[in-house]
Amino acid sequence: MNFSKFFKSLGCLFCLSLILNGSVQADNKIENWVQINQTLNFNDSLGLFTEVQPRISYSEGELASMIARLAPIYTINSHHSVGAGFLWQGNFSPSASNETRLFLQYIFSHGAGGSSLFAHRFRAEHRALNTTIDKAYRLRYQLRSLHYWLGSSNLRVLLANELFFNLNTTAISGPVSGFDQNRLVLGFNYIWSKNLNSDFGYMNNYIRKPRSIEDRTNHIFYYCLNATF
């Protein structure tokens with residue numbers, strides 16, 4: 001792989017995200033997302049992934065939403081894995097709603113053993129929301145990269161970007177087809193041990209809201225604990 005071209009493409013993607021997010025009028029919110037990821041490996045191939053994620057809104061001064069995710073994961077080899085799972089999301093602020101999802105995912109990673117690690121995650125989601133009678137379908141693509149910081153064996157720079165696209169338009173108050181949202185993450189990852197590491201940093205989350213007067217931008221203080229057993 002030509003990493004020089006890759007880094008240039010990655011930089012262009014981040015810059016484009018910032019330009020798009022800053023070029024539209026949006027309702028700005030400040031939030032704190034705490035994510036706890038656990039992977040229980042039964043053997044070299046089969047594992048169970050769990051995620052719990054409370055999201056606190058500083059703008060409203062209360063819990064904005066809560067997410068719980070469960071997914072069996074099958075590791076094909078050191079570069080490829082697939083999974084299928086279930087998610088529940090309860091939204092509490094600024095208005096109450098809830099959602100369940102069935103999803104499929106594929107992850108391709110490369111660079112392990114070097115100074116940089118890259119992971120490409122593709123997800124397809126089947127969404128059931130209580131705000132509409134229609135089912136919603138969405139695709140997601142995340143590019144996540146880790147780069148060792150100044151020769152440190154524990155501290156890595158974290159750069160990530162995720163794009164969301166709705167595949168269909170639902171009834172009133174539901175998703176509209178097309179671009180849905182973008183999540184740009186700038187931060188660090190610290191390796192505590194072989195099986196434990198943490199992400200911490202800033203996330204710029206731009207959400208397109210075609211049924212509202214304004215789109216929304218969440219400025220997020222982000223922390224994630226990743227544990228493997």
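The values are calculated or read from the model by the stated rules, or taken from the named source; none is laboratory data. Quick caveat, the model's predicted, so the values are computed rather than measured. Quick reminder, even Gly has a Cβ in these numbers, built from the backbone with ideal geometry, and neighbours come from all protein chains shown.
All conditions but one from (1) surrounded by 13 or more Cβ atoms within 10 Å (Cβ to Cβ); (2) in contact with a His (Cβ under 8 Å, 6 or more places away or on another chain); (3) farther than 17 Å from Leu87 by Cβ apply to Ser115; the one that does not is (1).
Restricting to the range 100-111, count the residues that are crowded, with 18+ Cβ neighbours inside 10 Å and under 30 Å from Glu62 (Cα atoms). Of the residues in the range 100-111, 2 are crowded, with 18+ Cβ neighbours inside 10 Å and under 30 Å from Glu62 (Cα atoms). Among residues of the range 84-129 being within 27 Å of Asn154 (Cα to Cα) and of a type in the set (Gly, Ala, Ser), the one that is nearest to the chain's Cα centre (by Cα) is Ala119. The set of residues in the range 30-51 being surrounded by fewer than 16 Cβ atoms within 10 Å (Cβ to Cβ), touching a Lys or Arg at 6+ places or on another chain (Cβ under 8 Å) and either under 18 Å from Leu104 (Cα atoms) or among the acidic types (Asp, Glu) (or both) consists of Thr50 alone.
For the range 164-184, a residue qualifies if it is loosely packed, with under 13 Cβ neighbours inside 10 Å and either assigned to a strand (DSSP E or B) or polar (S, T, N, Q) (or both), and the qualifying residues are Ser173, Gly178. Annotation note: Cβ proximity below 6 Å between a residue of the range 91-105 that is over 29 Å from Ile73 (Cβ atoms) and a residue that is surrounded by 14 or more Cβ atoms within 10 Å (Cβ to Cβ) and not hydroxyl-bearing (Ser, Thr, Tyr) (sequence gap 6+ or interchain) occurs for Phe92/Leu63; Ser93/Glu60; Ser93/Ala64. Against the list (1) part of a strand (DSSP E or B); (2) surrounded by 14 or more Cβ atoms within 10 Å (Cβ to Cβ), the condition Ser59 fails is (1).
Of all residues in the range 186-204, those being touching a Lys or Arg at 6+ places or on another chain (Cβ under 9 Å) and either on the phi > 0 side of the Ramachandran plot or touching a residue at least 40 places away in the same chain (Cβ under 8 Å) (or both) number 3.
When the range 185-229 is limited to residues that are surrounded by 14 or more Cβ atoms within 10 Å (Cβ to Cβ) and acidic (Asp, Glu), the one that is nearest to Leu158 (Cα to Cα) turns out to be Asp199. State yes or no: is Gly151 at negative phi, out of contact with any helix residue (DSSP H, G or I) (no Cβ under 9 Å at 6 or more places or on another chain) and not in a strand (DSSP E or B)? Considered against the rule, which asks whether it is at negative phi, out of contact with any helix residue (DSSP H, G or I) (no Cβ under 9 Å at 6 or more places or on another chain) and not in a strand (DSSP E or B), Gly151 comes out as no.
When restricted to residues that are modelled with pLDDT of 90 or more and over 17 Å from Gly178 (Cβ atoms), the range 112-128 contains 9.
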